[in-house]
Amino acid sequence: MESKLSTQILYTPMQGTVVAVDVAGGQSVRAGQVLVILEAMKMEHELCAPMNGVVTEVRVAVGDLVMEGDVYLLFSEGEDQEIVASEEVAVDLDFIRPDLAEVIARRSLGLDAARPDAVAKRRGTNQRTSRENVGRLVDEGSFIEYAPMVIAAQRRRRSVEDLIAKTPADGMIAGIGTVNAALFGSENTRCVVTNYDYTVLAGTQGAQNHRKKDRLFELAERNRLPVILFAEGGGGRPGDTDGVGGSGLDCLAFHLFGRLSGLVPLVGITSGYCFAGNAALLGCCDVIIATKGSNIGMGGPAMIEGGGLGVFPPKAVGPLEVQVANGVVDIVVEDEPEAVDVAKKYLSYFQGPVAGWSCADQRTLRSIVPENRLRAYDTRLVVAGVADTDSVLELRRDFGVGIITALARIEGRPVGVVANNPSHLGGAIDADAAEKSAHFMQLCDAFDIPLVFLCDTPGFMVGPEAEKPGLVRRAARLFVMSASLDVPMVTVVLRKGYGLGAQAMAGGGFKVPFFTVSWPTGEFGGMGLEGAVRLAYRNELAAIEDPDERLVKENELIARMYQNGKALSTASYFEIDDVIDPADTRRWITAAFESAPTPEHRRGKKRPFVDCI
């Protein structure tokens with residue numbers, strides 16, 4: 001039979017040197033079989049058969065320099081040619097090559113399973129490992145870790161093998177993962193996580209983990225990612241030897257982290273000891289969550305002793321009872337699992353509304369404020385009743401206790417709640433309460449969370465003692481802060497609405513909020529009724545000699561003034577927008593916030609930063 005062979009000319013695709021010729025003339029080959037190998041720029045390139053066929057002639061030899069387009073081989077394929085069957089090479093998907101095996105083995109040295117002594121030490125203090133905390137925080141399978149292979153910068157004093165075993169990740173687990181993706185989807189929930197590992201050199205800040213923070217904080221700024229910081233640790237590390245500097249004061253981590261304030265939510269968590277640089281980063285956070293038994297201080301025992309200030313055990317420095325009362329810590333939790341769960345809940349308010357919600361029977365609000373206008377009550381019952389069920393997260397509960405600040409949801413929408421606490425000083429606003437509420441207002445405004453004010457205050461606290469903490473300046477922050485807000489706000493007067501304090505609970509005046517309404521129990525005046533009567537009618541009362549008769553007259557004047565200042569009377573002058581059924585409170589709030597314009601998506605900051613106080 002006449003042959004019907006067709007000959008193809010194969011050309012070199014690039015300039016290079018022939019390093020291997022794997023076929024000879026007359027040899028049958030299959031499609032994809034390697035014919036010649038070229039080396040170019042230190043890389044080897046395989047030239048393969050385009051189809052099943054026969055090599056007619058090889059035109060190159062090992063060592064030849066070829067140019068792009070040179071002929072290197074003649075190749076034939078025809079109907080009468082016996083075709084070599086193409087063999088499929090089975091790939092073992094579970095096969096681990098030596099290079100990958102080395103990576104896996106190295107990575108495993110930093111995992112908890114490879115460090116039983118470190119894990120046991122954490123168990124001894126009733127604490128969890130850093131990897132356990134990160135695992136509980138981020139959604140399963142979402143975490144990508146940055147620089148897990150780094151070791152402490154101490155190669156000049158320790159062997160690499162020792163550093164690999166004793167200083168995995170240089171004491172910091174850092175990466176990116178999603179938090180609450182089941183509620184909000186993965187696109188809106190990606191966060192940066194940085195976790196100091198106390199089992200590695202006491203969680204100190206080393207040269208390499210500083211570089212990690214720099215890397216992650218820059219990513220957070222560039223991509224507007226919230227940051228969750230686990231800050232347990234002892235501060236700066238003096239033992240690193242491999243740097244080129246002396247003091248290390250040129251690191252950028254503190255600047256980069258501070259620059260994130262007001263751009264993205266910053267969540268701080270600590271358990272155990274948190275001193276010096278670790279505490280400085282923690283203090284930059286919008287919210288600080290601490291487990292019971294934590295100690296937080298700008299200097300640890302070694303620094304205190306080194307400064308000639310005495311010798312103190314770690315437990316004596318910044319104990320929680322101090323740091324809660326002074327406002328450093330926002331939320332106290334029992335242990336690290338609860339700290340992580342609270343952090344996830346806090347972050348959720350900044351991730352958007354939720355679809356599913358429920359609330360209490362709103363008629364229960366009608367009976368919370370006592371009919372006796374002098375009787376104290378718990379405003380937290382109002383906050384919980386107005387908000388969606390189980391949606392309230394109170395901040396700084398034990399600081400500035402005259403005001404309650406809380407994040408909550410109403411019909412799934414995140415809101416900030418500022419409520420007077422009549423169980424403390426009758427609801428009067430002292431210096432700490434003013435500072436606390438001003439900071440909270442700034443936080444909510446920075447991230448476009450609308451504000452609900454629940455007013456029951458006789459005004460600002462007065463008296464010589466009240467002035468010592470700088471009340472004038474700190475109280476004025478409420479007016480300055482509220483005048484700079486552009487989130488919608490509403491004010492509901494539960495009972496007392498007196499003086500400057502009531503105006504401060506309404507953005508500076510009752511016509512500032514989207515609405516100012518009152519429950520039927522509301523009462524209003526330039527100052528408290530009792531004080532107003534005693535001032536306005538001082539001479540008349542002093543002229544009554546009989547103390548019982550004087551008291552009757554005083555109560556009569558107070559009752560008359562109450563009638564003039566009660567909610568219905570005040571509404572008749574249009575000083576407030578309405579007197580409402582307490583059961584309608586949620587309806588009013590929802591209508592207001594749905595009527596306000598939706599904030600536009602911003603790439604930059606709305607505020608330069610969020611105060612740390």
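The values are calculated or read from the model by the stated rules, or taken from the named source; none is laboratory data. As the structure is a prediction and not an experimental result, all values here were calculated from the model. Here the Cβ is made from the backbone with ideal geometry for all residues, glycine too, and neighbour counts use every protein chain on show. Areas reflect the complete protein model, heavy atoms only, side chains present, ligands, DNA and RNA absent. Shrake-Rupley method; radii C 1.70, N 1.55, O 1.52, S 1.80 Å.
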For the range 141-205, report the convex hull volume of the alpha-carbon atoms normalised per residue, in Å³, without decimals. 89
For the range 256-298 and the range 302-375, distance of Cα centres in Å: 14
Is the shape of the range 568-609 rounded, prolate or oblate, going by the alpha carbon gyration tensor and its root eigenvalues a ≥ b ≥ c, with a/c under 1.5 for rounded and a/b larger than b/c for prolate? prolate
If r is the Cβ-Cβ distance from Asp390 to Ala543 and R0 is 56 Å, what FRET efficiency results, to the nearest 0.05? 0.45
Quotient of C-alpha Rg and 2.2 N^0.38 Å, computed over the range 473-613: 1.37
Using helices alone, I'd like the mean residue ellipticity at 222 nm for the chain: each DSSP H run of four-plus residues gives -39500 (n - 2.57), total over residue count, nearest 500. -9000 deg cm²/dmol
Net length gained if the chain between His45 and Asp378 were fully extended (0.36 nm per residue, minus Cα distance): 112.1 nm
Net length gained if the chain between Arg30 and Ala165 were fully extended (0.36 nm per residue, minus Cα distance): 43.6 nm
Taking the 0 to 90 degree range and rounding to the nearest ten, how far is the long axis of helix 547-565 tilted relative to the main principal axis of the chain, both from C-alpha atoms? 50
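Kirkwood hydrodynamic radius (Cα pairs, Å) of the range 28-171?
21.3
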Using the Karplus curve 6.51 cos²θ - 1.76 cosθ + 1.60 with θ = phi - 60°, what ³J(HN,Hα) values do you get for each residue of the range 570-580, in whole Hz, with x for Gly and Pro? 5, 5, 5, 8, 6, 7, 10, 7, 4, 10, 10
Between the range 469-496 and the range 404-426, how far is it from one alpha carbon centroid to the other, in angstrom? 14
Calculate the length of the line joining the C-alpha centroid of the range 176-246 to that of the range 92-168, in whole Å. 15
Please work out how much length the chain gains when fully extended from Glu575 to Asp398, using 0.36 nm per residue of separation minus the C-alpha to C-alpha distance, in nm with one decimal. 60.3 nm
Identify the chymotrypsin sites (Phe, Trp or Tyr not before Pro) of the range 563-606 meeting these criteria: DSSP loop state and at most 14 other C-beta atoms within 10 Å of the C-beta. Tyr573, Phe574
Taking Cα atoms only, helix 431-446 is inclined relative to the longest principal axis of the chain by an angle, in degrees rounded to 10, of 40
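Shape call for the range 183-304 from the C-alpha gyration tensor, a ≥ b ≥ c root eigenvalues: rounded (a/c under 1.5), prolate (a/b greater than b/c) or oblate? Present the calculation step by step, with values, prior to reporting the outcome.
On the way: a/c = 2.03, a/b = 1.33, b/c = 1.53.
It is oblate, given that a/c is not under 1.5 and a/b is not larger than b/c.
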So the pair-distance distribution of the chain, from every Cα-Cα distance in 10 Å bins, comes to percents of 3, 13, 19, 17, 13, 11, 8, 6, 4, 3, 1, 1, 0, 0, 0
Links that overshoot a 23 Å alpha carbon limit, given the list Lys436/Lys606; Lys292/Lys606; Lys121/Lys292; Lys292/Lys468: Lys292/Lys606; Lys292/Lys468
To the nearest 10 degrees, the tilt of helix 98-108 (Cα long axis) against the first principal axis of the alpha carbons of the chain is 20
One would report the Cα pair-distance distribution of the range 228-289, bin width 10 Å, in %, as 21, 47, 27, 5
Solvent-accessible area per residue for the chain (1.4 angstrom probe, square angstrom): 48
Scattering curve values for the range 305-376, log₁₀ I(q)/I(0), Debye with Cα scatterers, q = 0.19, 0.23 Å⁻¹: -1.01, -1.04
Can you give me the % of accessible surface on the range 177-278 that is carbon or sulfur? Probe 1.4 Å, all protein chains present, nothing else counted. 53
Heavy-atom accessible surface of the range 472-613: percent carbon and sulfur, 1.4 Å: 56
Take Ala61, project a point 7 Å from its Cα along the Cβ direction, then tell me which residues of the range 4-27 have their backbone nitrogen under 17 Å from it. 17-25
